[in-house]
Amino acid sequence: QVQLVESGGGLVQAGGSLRLSCTASGLPFSSYAWGWFRQVSGKEREFVALVGRIGTNTDYARSVKGRFTISRDNAKNAVYLQMNSLKPADTAVYYCAAKRMGITSSPGDYDVWGQGTQVTVSS
């Protein structure tokens, strides 16, 4: 059974940092590209960051570039999102997702999703 489990969310003041983790089981982790997305209630899910299968190919949404860093550890079947200089606008539920073929920032193209972890940034 494929399972993605996010952790590391929480409440933080503006300017603070959080590190999200996503651990996977039931799939060949290293064969997938991975993405982080976020969603605010009533809005569409939006792209945050992605990392290719090798790990050197990354991309970020303009709104988080320079503040967030995505990384993966194939030995631990985990993908991470280091979030620094957080802003209230970063408040959302954050999801990790896996994509078997190719690499894309479109959430509709991802194959497997986690349940999400809440990130709340207070002003």
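The values are calculated or read from the model by the stated rules, or taken from the named source; none is laboratory data. The model shown is predicted, which means the values in this text are computed figures rather than measured ones. Every residue, glycine among them, receives a Cβ derived from its backbone with ideal geometry; neighbour counts consider all protein chains shown. Calculation scope for accessible area: heavy atoms of the full protein, side chains included, ligands and nucleic acids excluded. Shrake-Rupley method; radii C 1.70, N 1.55, O 1.52, S 1.80 Å.
Within the stretch 107-123, being part of a loop (DSSP other than H, G, I, E, B), over 26 Å from Ala14 (Cβ atoms) and open to solvent by less than 50 Å² (accessible area, probe 1.4 Å) holds for one residue alone: Tyr110. When the stretch 1-27 is filtered for residues that are part of a strand (DSSP E or B), surrounded by 17 or more Cβ atoms within 10 Å (Cβ to Cβ) and over 17 Å from the mean Cα position of the chain (by Cα), only Val12 remains. Considered as a group, the residues in the stretch 53-73 that are open to solvent by less than 60 Å² (accessible area, probe 1.4 Å) and part of a loop (DSSP other than H, G, I, E, B) include one that is nearest to Gly15 (Cα to Cα), and that residue is Arg67. Among residues of the stretch 94-120 that are more than 16 Å from Leu27 (Cα to Cα), those with a Cβ under 7 angstrom from a residue that is acidic (Asp, Glu), sequence gap 6+ or separate chain, pair up as Tyr94/Glu6; Tyr95/Glu6; Ser105/Asp59; Gln115/Glu6; Gly116/Glu6; Thr117/Glu6; Val119/Asp90. Annotation for the stretch 93-104: no member residue is open to solvent by less than 50 Å² (accessible area, probe 1.4 Å), modelled with pLDDT of 95 or more and assigned to a loop (DSSP other than H, G, I, E, B).
Residue check: Ser41 meets all listed conditions (1) open to solvent by 20 Å² or more (accessible area, probe 1.4 Å); (2) outside any loop (DSSP other than H, G, I, E, B); (3) small (Gly, Ala, Ser) but one, namely (2). Listed by first and then second residue, the pairs linking a residue in the stretch 57-69 that is within 12 Å of Ser85 (Cβ to Cβ) to a residue that is part of a loop (DSSP other than H, G, I, E, B) and among the small types (Gly, Ala, Ser), with Cβ atoms under 8 Å apart and 6 or more places separating them unless they lie on different chains, are Arg67/Ser85.
Of all residues in the stretch 1-24, those that are under 18 Å from Trp113 (Cα atoms) have Cβ atoms under 8 Å from Cβ atoms of residues that are of a type in the set (Lys, Arg), 6 or more apart or on another chain, in Gly8/Arg19; Thr23/Lys76.
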